[in-house]
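The values are calculated or read from the model by the stated rules, or taken from the named source; none is laboratory data. Keep in mind that what you see is a predicted model, and the values were worked out from it rather than measured. Quick reminder, even Gly has a Cβ in these numbers, built from the backbone with ideal geometry, and neighbours come from all protein chains shown. These accessible areas exclude ligands, DNA and RNA; they are computed on the full protein's heavy atoms, side chains included. Shrake-Rupley method; radii C 1.70, N 1.55, O 1.52, S 1.80 Å.
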Amino acid sequence: MDLNYSAEELAFRDEVRAWLRANLPQDLREKVENYAHLSKEDLLRWHRALAKNGWVAPAWPKEWGGTGWNVIQRYLFEEELGYAGAPPIIPFGVTMCAAVLLRFGSDAQKKRFLPRIYNGDDFWCQGYSEPGSGSDLASLKTKAVRQGDHYVVNGQKIWTTLAHYADWIFCLVRTDPTLEKRQEGISFLLMDMKTPGITVRPLILMDGAHEVNEVFFDDVKVPLENLVHEEGKGWTVAKYLLGYERMNTGRIGESRRQLARLKDYAAPMMANPRWRDRLTRVEVELAALEITNLRFLDRMRRTGQPPGADVSMLKIKGTEIQQALTELMMEATDPTASDPLSDAVRKRYLSTRKTTIYAGSNEIQRNIIAKMTLGL
Amino acid sequence: MNFDYNEEQQLLADSVRRYLQDKYQFEQRRKIVAGEGWSAEAWTQFAQMGLTGLPVSTEHDGFGGGAVDLMGIMEAFGEALVVEPYLPLVMAVRALERGGSVGLLPRVIDGSMKLAWAHSEKGARYDVDAVRLGAKRKGSAWTLEGEKAAVIGAPTADRLVVTARASDGVALYLVDRAKAEVKAYRTMDERLAGDVTLRGVEAQRLEGGMPLVEEVLDLATALVCAEAVGAMKFACDTTLEYLKTRKQFGVPIGAFQALQHRMVDMFISLEQARSMACLACSRADAGGDARAISSAKIKISDAARHISQEAVQLHGGMGMSEELKVSHAFRRLTVLAREFGDADHHLARFAAL
């Protein structure tokens, strides 16, 4: 047993750190640290800076631009980005759509889409949830009917993050509503957001921010070549994607930065033992999460197996910690203060409530562990 | 980075587990507890497996085991709810070796010399420095006068390693247990303990003073974390098994989501606790890291409370029954959550460091 990083791993971390110090733009870092809004241009500027250095898609195969890093290096890279206050790499293209294309896409689809994802030419969003289909995703109703060389899509998606920035959307649609086993009638389609019949309407959340949307489809014509995998195999694709890169959900680097910020921001409150103990318990939970995450990575590296269902606990604990930290930060603000930072901290508290709901609610994650890991 | 036991550690832990599964099943343990409160036969086996020699340095013919080497054994002891005072022996060995008194070690290794660690006093709670038992020099010899409380293994020990305060501060002393008055009793978790009174008992002073006391306590805290992980693993395993077999309303109760989610949270607590036990034992071996060890004990205390309480609740009335091992695991975990400091104690210590 050895909990220390190897000399090579530490050298790698230092290399990432040094690069970030030199290349993470000060204005972006300040926006992230002060919980300010990041524009599409901000997100793309950072995406392209990473792409230029060859670092925007470490997990991809080398031939498409991946770095060839092992799981520990990828973890270190992501945590360093989070700790440094880098803007997030928006996952819908680089992490999600690309993973699907690399696994199920045709050669033509890979050649057409992957380089544009890598370079930040196309901004992607994810069309999964519908008004009647949240956790019960397989009940989705948006339908796609084949007519000649295209599908005609009608229906509605909801909670579509950054659809108002997106050039493309990948969608789960129902191509066969007659099948008894509803999972079998689902297909995975790519759609150009400029196609006539697609309408994006903002959904403003309780922090006042415009991040998610409703997306409506009215007789939208989608070429057959935009079908990924086979018709009716969309659920296989969706399940693959759910299991993919679940290792990133802990967001430990970011929480470590928030914790350090909080200790600094709320330093006078450490004299209050009730506050101090609450903060310390979160710090301990974060340390436990970090080691648990490393244990999973160590297991993956040794066995060469993909992560098991039990990694869902990283999402559960990671998001609980994020929420606990933002709650403490919000409580540390002077209730009478109306300066921009205090205002942003309060809004962040409101916004962070989403983390235990999105990407498979924490209750769904518990269902996954109960069924897959514990055999209940 | 590597979270595995090495081959030697794994083999030893496996052989201890095999022995316990064979000779230390719950019914056999029940007989031990109902009898003398410890098993001379089990102790002999521990010695033959090399456990009594494990914490002794190779320089003194032991195996030179550190906290990580002991971790798998402590986990196995936790799973089986072992009552024999092994950890006090480990603590006393560390004190004797660091304190420059190695004459007893050959008999420790062969199992014929049992040691206990006498530090806590009534009302001290977890304050390490609250030592009132006095040490006085008489010529070249030292004598001890005062009381120690809840000394695990005192009734069966041959020697006691005792903390005492002299004019120059707190230090460790070795005394013959036969010269002490020991009022024996059973702890809440069925271990043999004693309140110890020393009335002018002659003692040998060890080198090291308070830093050594703290080192031994940090080692023990890390090892208690590992023991608690074993007991928590048992509590989780047995509760999961119960959810799958106990039927109500015509289905196994594990079919109910309200119970599934609680079971999952127990499982997550266990994994988080295991991570922190790895941290504590690794750091204890790397020269000690009080902050890391306190952070581990905070998590272990919280997890022990969470898992033990949920294990009883999910067993329903059966969880309350003396007949089931789970209620004994509850008792052990309740004690381990507090041993060498509860969560509040370590929260304060963590913040002060």
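Do we find a residue being closer than 19 Å to residue A:352 by Cβ and open to solvent by 20 Å² or more (accessible area, probe 1.4 Å) anywhere in segment A:285-292?
Looking only at segment A:285-292, we keep the residues that are closer than 19 Å to residue A:352 by Cβ, and these are A:285-286, A:289.
Restricting the remaining residues to those that are open to solvent by 20 Å² or more (accessible area, probe 1.4 Å) gives A:285.
Yes, some residue in segment A:285-292 is closer than 19 Å to residue A:352 by Cβ and open to solvent by 20 Å² or more (accessible area, probe 1.4 Å).
Would you confirm, using the coordinates I've provided, whether residue B:235 is more than 10 Å from every other protein chain (Cβ to nearest Cβ) and either open to solvent by less than 10 Å² (accessible area, probe 1.4 Å) or in contact with a His (Cβ under 8 Å, 6 or more places away or on another chain) (or both)? For residue B:235, the condition - more than 10 Å from every other protein chain (Cβ to nearest Cβ) and either open to solvent by less than 10 Å² (accessible area, probe 1.4 Å) or in contact with a His (Cβ under 8 Å, 6 or more places away or on another chain) (or both) - is met. Counting only residues that are more than 19 Å from residue B:120 (Cβ to Cβ), free of Cβ contacts under 8 Å to residues at least 24 places away in the same chain and within 11 Å of chain A (Cβ to nearest Cβ), segment B:319-353 holds 2 of them.
For residue A:325, the criteria (1) more than 14 Å from chain B (Cβ to nearest Cβ); (2) under 30 Å from residue B:1 (Cβ atoms); (3) open to solvent by 20 Å² or more (accessible area, probe 1.4 Å) hold in every case but one, which is (3). Filtered by the rule that a residue be within 19 Å of residue A:133 (Cα to Cα), open to solvent by 50 Å² or more (accessible area, probe 1.4 Å), out of contact with any Leu (no Cβ under 9 Å at 6 or more places or on another chain) and not acidic (Asp, Glu), segment A:150-181 gives A:177, A:178, A:179, A:181.
Output the residues belonging to segment B:1-33 that are of a type in the set (Asp, Glu) and either open to solvent by 70 Å² or more (accessible area, probe 1.4 Å) or more than 18 Å from residue B:234 (Cα to Cα) (or both). So that I can check it myself, show each step before the final result.
Here is the first cut: in segment B:1-33, the ones of a type in the set (Asp, Glu) are B:4, B:7-8, B:14, B:22, B:27.
Scanning segment B:1-33 gives B:4, B:7, B:8, B:22, B:27.
How many residues does segment A:43-66 contain that are free of Cβ contacts under 8 Å to residues at least 60 places away in the same chain and within 17 Å of residue A:167 (Cβ to Cβ)? Explain how you work it out, then say what you get.
Of segment A:43-66, the ones free of Cβ contacts under 8 Å to residues at least 60 places away in the same chain are A:45-46, A:49-50, A:52-55, A:58, A:60-66.
Keeping just the survivors that are within 17 Å of residue A:167 (Cβ to Cβ) gives A:45.
The total comes to 1.
Can you find even one residue in segment B:33-53 that is out of contact with any strand residue (DSSP E or B) (no Cβ under 9 Å at 6 or more places or on another chain) and within 17 Å of residue B:284 (Cβ to Cβ)? Looking through segment B:33-53, none of the residues is out of contact with any strand residue (DSSP E or B) (no Cβ under 9 Å at 6 or more places or on another chain) and within 17 Å of residue B:284 (Cβ to Cβ).
Quick one: which helices (runs of 4 or more DSSP H) sit completely within segment A:219-309 and have at least 2 residues that are out of contact with any strand residue (DSSP E or B) (no Cβ under 6 Å at 6 or more places or on another chain) and within 14 Å of chain B (Cβ to nearest Cβ)? Talk me through it step by step, then tell me what you get.
Numbers: elements: A:234-243, A:252-265, A:273-303.
Counting at least 2 such residues, we get A:252-265, A:273-303.
Listed by position, the helices (runs of 4 or more DSSP H) contained in segment B:1-118 that have at least 2 residues being small (Gly, Ala, Ser) are B:7-23, B:40-48, B:67-80, B:86-98. For beta carbons closer than 9 Å, sequence separation of 6+ or different chains, a first residue in segment A:342-365 that is within 14 Å of chain B (Cβ to nearest Cβ) and a second that is among the polar types (S, T, N, Q) and open to solvent by 60 Å² or more (accessible area, probe 1.4 Å), the qualifying pairs are A:360/A:135; A:361/A:135; A:363/A:135; A:363/B:257; A:364/A:135. Exactly one residue out of B:262, B:305 is open to solvent by 40 Å² or more (accessible area, probe 1.4 Å), touching a helix residue (DSSP H, G or I) at 6+ places or on another chain (Cβ under 9 Å), within 12 Å of chain A (Cβ to nearest Cβ) and in a helix (DSSP H, G or I), and it is B:262.
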